[in-house]
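Let me begin by presenting the structure, written as C-alpha cells, before commenting on it.
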Amino acid sequence: MTINIKLVDEYPKEFFDILVKKNLEADGIFIPSWEYYFEGDCTFEQKGKTVRVGAYDGDKLIGLSWGRAETKNRFMMYMSLVEGPYRGQGIYKRMLEMIIENTKEFDEVDSCHHILNNKILVLKLKEDFHIIGMDNTTMLGPRVKLRYFHNKKLFEIMKYRVGLRENPVSELRN
C-alpha cells in the first residue's frame, strides 16, 4: 500500500464530511460548532494563503491537514486527521512536514489540540512546536496551544519571555 500525500485545492465534500464524522465527531470530544454559528458579519472576508494537504490511498482520501493565514505573519493549522486504520504509519507526520514546508513565509505556525490528544501533542513537540498556552472552545473543549517558529529570532524572544534565557535583544540586533 502506497499512500500519496499532496497539496490539494479542495477536499471532496462527501469525503471530508465522512472523515470528520468518523474520526472527530465519533469520539464525542469534537463538536462541529460552526453548524450553530449566527450569520455574523456577511461582509467579512478572510484573505490570505490557505494550505490543504490530502493523504490518499488510491483515490480515497484517508487523511487531511489544512490551515490558513491568520495574519501576514502567522499561519493557523485548523484541522488534521488520519482515518483510524491508517494511523501509526507516519502519515500525519508527513502531512505536518508538508504544511511546515509550505508556510515558510510566516514567522509562526500555530495549532491547537485537545488536552488529552497526547499522540499528536508529543509528535508536535518532537517536531519543534512549543506550548504557548491553553484555552477552551466550543468545538474541542480545553485545548493546548502550540507554536512552530520559522523565525528563530522570535523563538529566542519567546524563550526569554518564559525564563529560559537572558534577554536576547542586543545579540538579535547584530
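Looking only at residues of region 14-62 that are in contact (Cβ under 8 Å) with a residue 60 or more places away in the chain and touching a helix residue (DSSP H, G or I) at 6+ places or on another chain (Cβ under 9 Å), we find that the one that is nearest to Glu97 (Cα to Cα) is Asn23. Among the conditions (1) surrounded by fewer than 18 Cβ atoms within 10 Å (Cβ to Cβ); (2) in a loop (DSSP other than H, G, I, E, B), the only one that Thr103 does not satisfy is (1).
Among the residues making up region 114-137, those that are of a type outside the set (A, V, I, L, M, F, W, C) and assigned to a loop (DSSP other than H, G, I, E, B) are Asn117, Glu127, Asp128. The set of residues in region 125-174 being surrounded by 14 or more Cβ atoms within 10 Å (Cβ to Cβ), basic (Lys, Arg) and closer than 18 Å to Ser80 by Cβ consists of Arg143, Lys145, Arg147.
Considering only region 76-97, I want to know if a residue exists there that is surrounded by 18 or more Cβ atoms within 10 Å (Cβ to Cβ), of a type in the set (Gly, Ala, Ser) and not in a loop (DSSP other than H, G, I, E, B). Yes, the conditions are met somewhere in region 76-97.
For the condition of a type in the set (Gly, Ala, Ser), without any contact (Cβ under 8 Å) to a residue 12 or more places away in the chain and closer than 25 Å to Asp27 by Cβ, what is the one hit in Gly67, Gly84, Gly88?
Result: Gly88 is the single residue among Gly67, Gly84, Gly88 that is of a type in the set (Gly, Ala, Ser), without any contact (Cβ under 8 Å) to a residue 12 or more places away in the chain and closer than 25 Å to Asp27 by Cβ.
The C-beta contact set for region 120-144 (first residue over 25 Å from Ile91 (Cβ atoms) and among the small types (Gly, Ala, Ser), second residue surrounded by fewer than 16 Cβ atoms within 10 Å (Cβ to Cβ) and modelled with pLDDT under 95, distance under 7 angstrom, 6+ apart or interchain) comprises Gly141/Ile29. Restricting attention to region 38-62, the residues that are exposed (fewer than 13 other Cβ atoms within 10 Å of the Cβ) and farther than 25 Å from Val109 by Cβ add up to 9.
The values are calculated or read from the model by the stated rules, or taken from the named source; none is laboratory data. Keep in mind it's a predicted model, so treat the numbers as computed, not measured. Because the Cβ atoms are built from the backbone with ideal geometry, glycine has one as well, and the counts that use them run over all protein chains shown.
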